[in-house]
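Working notes, structure below.
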Amino acid sequence: MKKSFLGLAIIAVILGSCKKDPNDPQPSTPGTPAATTGSLKIELENMVDTNELVLNTVNYVSANGDTFTVSKFNYFISNIKLTKSDGSVYVESESYHLVKESDASSKTFTIANVPYGTYTAISFMIGVDSARNVSGAQTGALSQNNDMYWNWTTGYIMAKFEGTSPKSPATNHLLTYHMGGFKGVNSVLRTVTPSFNSSTATVSSSVTPEIHMKADLSEWFKNPTNNVNFATTHTIHMAGADAKAIADNYQKMFSVEHIHN
Amino acid sequence: MKKGTVYIIICITLFFACKVDPPIKPVLPVDHIEQVTPPGWPQPVYTFPNNPLSIEKFSLGRDLFYEEMLSSDNTVSCGTCHQNFVAFANADHMLSHGVNGAFGNRNSPGLFNMNWNTSFMWDGGVNHIEVQPLAPITNPVEMNEDINNVLAKLNASAKYKVLFKQAYGDEQVTTERMLKALAQFMGMMYSYKSRFDLYKRGEDGVQLSTQELNGYQVFQQKCNACHKEPLFTDYSFRNNGLSVNSNLQDSGRAHITGDPNDRYKFKVPTLRNIMLTAPYMHDGRLSSMEQVFDHYASGIVPSATLDTSLQAGIQLSAQEREDIKAFLSTLTDYSFINDDRFKDPN
């Protein structure tokens, strides 16, 4: 009996000595105030017009009447801000999310530490803000191995579409839209505010609301005065006028479909 | 009794579970690293924010710098084209060799004082020391490798498991950790102890000869506008009148900016250690300092973007050429190239 107690004590001491850092934050003690923040979920559904996007196997038709397929559709959503009914704004910290059509798990993400309340509006940036384009090695969504980074001319590919169209004169009729550029006139960064359409999202201790958004790829190629023609615009792989024009188009691609409370 | 034995076994097991893997001792031990801003120099651009210096990370960066697994066929490391004994330029190579017998498009520059760089590469396409290695690693005519393949190879290596754990506390190999370790190794490459530096700072009683001082004067009159002290470059992009190489068709800075006004402009290289880093120019076309003088005297090709300071060329007498060469030799930093901390530890 005594012996086994001694053994336990020794184990406890050794286990304790394994701890790396005595300054590790300790679990909170009595007196912690009641929680005042909850979570909110964003769910994205990628579309082409009214059809759910299917990679590779489905033919779509652009606004210009060009047939095309889609093999890749990725984009960054960053700097998310949520506006409460009282006008106050919650800004998500480290707000960088990479959505890839090929990765179902990337199409849903949670925003934590959102103060309880009723939210009436959202805004976010399509792409990665210029600060993180000039700050060297990054982690998480921004890690430089996520297929969304230019190595030869530093910067993130903010959004990426790849596919084919019989109208494209490129090798194998490829369509390659690598949308980048974070500086000056060539910036493709766009901040958008898709409307809640008088719905609201209420964050509380019992409710994690879900905002369902659609991202419509067909908007990339739609322009009131100048629809994109795949015969002439088939390859974009650097910042410049072509990329900027597409960004002006795609800033209309997001819409809030509905909100679950 | 039996119970006691069990406890003893548990204790022993736990004791060993606590132990970290035996440390890998580098062949060339690193005894110190520290940031330096030599007297009279501007503040560096890169000061290791979010990348606290440690000997373990520096050493990991050194192993990575000399690691051939960073290339697609495991034959080319950073050190292949950046050789320690020539201040990390590529001796006798106009253009560097990549994997599969590929030729690069540009001459390998020396590597040192990179914390002062406002951009990287001859065209300035890379904006930060931490992400610079991504360019050669992924360039098809250099190391031709996918960054995720590099991570997979390093993750599978027993050696790197230990080195990453020593540097970061656990074995996980990530892009960020790899890049930051490389930045520590490259960022510690300071060259500021040439004879010229010692003379300027009045250290060790170093004097320059009359010829070297004459060369310094000519340099100040005719070269200093672009090769500005104390880094001996102003980091600008200029067209210095080289004919366009019809094979390479390299538009230089314009390749990055898309601006026709930047055509055929390349970054002004530093003149520090210049007598070690031949051949010269962005494509290594000039093999000696004499050829460089000839180019500036009579080889300049006029074009829309030719630098205004070079419209009339630069004329040097035979004596001035000899004097400038003597002066440039004082910019060779032997303490830098002889520093064991930067040599291949394997």
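The values are calculated or read from the model by the stated rules, or taken from the named source; none is laboratory data. Small disclaimer: the values here were computed from a predicted structure and weren't measured. For neighbour counting, all protein chains shown are included, and Cβ atoms are generated from backbone atoms with ideal geometry for every residue, glycine included.
Determine whether A:E219 is touching a His at 6+ places or on another chain (Cβ under 9 Å) and not polar (S, T, N, Q). The answer is no for A:E219. With the structure loaded, tell me whether A:A141 is within 21 Å of the chain's Cα centre (by Cα) and within 24 Å of A:L40 (Cα to Cα) or whether it fails that test. Yes: the conditions hold for A:A141.
The rows are residues; the columns are (1) of a type outside the set (A, V, I, L, M, F, W, C); (2) under 20 Å from A:A215 (Cα atoms).
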site: A:Y116; (1), (2): yes, no
site: A:F124; (1), (2): no, yes
site: A:L142; (1), (2): no, no
site: A:M148; (1), (2): no, yes
site: A:W152; (1), (2): no, no
site: A:G155; (1), (2): yes, no
site: A:K160; (1), (2): yes, yes
site: A:S187; (1), (2): yes, no
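Each residue in segment B:140-154 was checked for being surrounded by 20 or more Cβ atoms within 10 Å (Cβ to Cβ) and of a type in the set (G, A, S), and 0 pass. Any chance segment A:151-172 includes a residue that's free of Cβ contacts under 8 Å to residues at least 40 places away in the same chain and of a type in the set (F, W, Y)? Among the residues of segment A:151-172, at least one is free of Cβ contacts under 8 Å to residues at least 40 places away in the same chain and of a type in the set (F, W, Y), which makes the answer yes. No other residue among B:N245, B:N261, B:N240 is touching a residue at least 60 places away in the same chain (Cβ under 8 Å) and either under 19 Å from B:S303 (Cα atoms) or surrounded by 17 or more Cβ atoms within 10 Å (Cβ to Cβ) (or both) apart from B:N240.
Checked against the criteria, B:S72 counts as in contact (Cβ under 8 Å) with a residue 12 or more places away in the chain and part of a loop (DSSP other than H, G, I, E, B).
Of the strands (runs of 3 or more DSSP E) lying entirely inside segment A:75-153, those containing at least 1 residues that are closer than 26 Å to B:I137 by Cβ and not hydrophobic (A, V, I, L, M, F, W, C) are A:96-100. Checked against the criterion of being closer than 30 Å to A:Q138 by Cα and either in a helix (DSSP H, G or I) or at pLDDT 95 or above (or both), segment B:208-218 contains not a single residue that satisfies it.
Candidates in segment A:184-198 are the residues that are modelled with pLDDT of 95 or more and within 17 Å of A:H237 (Cα to Cα); of these, the one that is surrounded by the fewest Cβ atoms within 10 Å (Cβ to Cβ) is A:S187.
Might you check whether a residue that is at pLDDT 95 or above, surrounded by 18 or more Cβ atoms within 10 Å (Cβ to Cβ) and touching a His at 6+ places or on another chain (Cβ under 7 Å) occurs anywhere in segment B:128-139? The answer is no, given that none of the residues of segment B:128-139 is at pLDDT 95 or above, surrounded by 18 or more Cβ atoms within 10 Å (Cβ to Cβ) and touching a His at 6+ places or on another chain (Cβ under 7 Å).
Only a single criterion out of (1) buried (at least 16 other Cβ atoms within 10 Å of the Cβ); (2) farther than 20 Å from B:L231 by Cβ; (3) among the β-branched types (V, I, T); (4) in contact with a Gly (Cβ under 7 Å, 6 or more places away or on another chain) is not satisfied by B:V301, namely (1). Test B:D204 against the criterion of being of a type outside the set (S, T, Y), part of a loop (DSSP other than H, G, I, E, B) and more than 12 Å from chain A (Cβ to nearest Cβ), and give yes or no. Criteria met by B:D204. Scanning segment B:1-24 turns up at least one residue that is at pLDDT below 95, closer than 28 Å to B:N338 by Cβ and in a loop (DSSP other than H, G, I, E, B).
State whether the residues of segment B:191-204 include one that is closer than 24 Å to B:N51 by Cα and in contact (Cβ under 8 Å) with a residue 60 or more places away in the chain. For segment B:191-204, residues closer than 24 Å to B:N51 by Cα and in contact (Cβ under 8 Å) with a residue 60 or more places away in the chain: present. State yes or no: is B:S157 more than 13 Å from chain A (Cβ to nearest Cβ), surrounded by 22 or more Cβ atoms within 10 Å (Cβ to Cβ) and not hydrophobic (A, V, I, L, M, F, W, C)? When the stated conditions are applied, B:S157 does not pass them. Whenever a residue of segment B:151-162 is over 15 Å from B:A181 (Cα atoms), its partners that are surrounded by 14 or more Cβ atoms within 10 Å (Cβ to Cβ) and of a type in the set (A, V, I, L, M, F, W, C), lying with C-beta atoms within less than 7 angstrom and at least six residues away or across chains, give the pairs B:K153/B:M69; B:N155/B:V173; B:K159/B:I24.
Out of B:G299, B:G258, B:G252, report the one residue that is in contact with an Asp or Glu (Cβ under 9 Å, 6 or more places away or on another chain) and not charged (D, E, K, R). Going through B:G299, B:G258, B:G252 in turn, just one is in contact with an Asp or Glu (Cβ under 9 Å, 6 or more places away or on another chain) and not charged (D, E, K, R): B:G252.
Yes/no per residue for (1) touching a strand residue (DSSP E or B) at 6+ places or on another chain (Cβ under 6 Å); (2) closer than 26 Å to B:S119 by Cα; (3) without any contact (Cβ under 8 Å) to a residue 60 or more places away in the chain:
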position	(1), (2), (3)
A:S95	yes, no, yes
A:S102	no, no, yes
A:T108	yes, no, no
A:A112	yes, no, no
A:A131	no, yes, yes
A:V134	no, yes, yes
A:A141	yes, yes, no
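The conditions of being within 17 Å of B:L111 (Cα to Cα), surrounded by fewer than 18 Cβ atoms within 10 Å (Cβ to Cβ) and not basic (K, R) are not met by B:Y190.
For (1) away from chain B (no Cβ under 12 Å); (2) of a type in the set (F, W, Y), each residue gets a yes or a no:
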| position | (1), (2) |
| --- | --- |
| A:T139 | no, no |
| A:W152 | no, yes |
| A:A170 | yes, no |
| A:H173 | yes, no |
| A:S198 | yes, no |
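Of the residues in segment B:227-247, not one is over 17 Å from B:F293 (Cα atoms), among the small types (G, A, S) and assigned to a strand (DSSP E or B).
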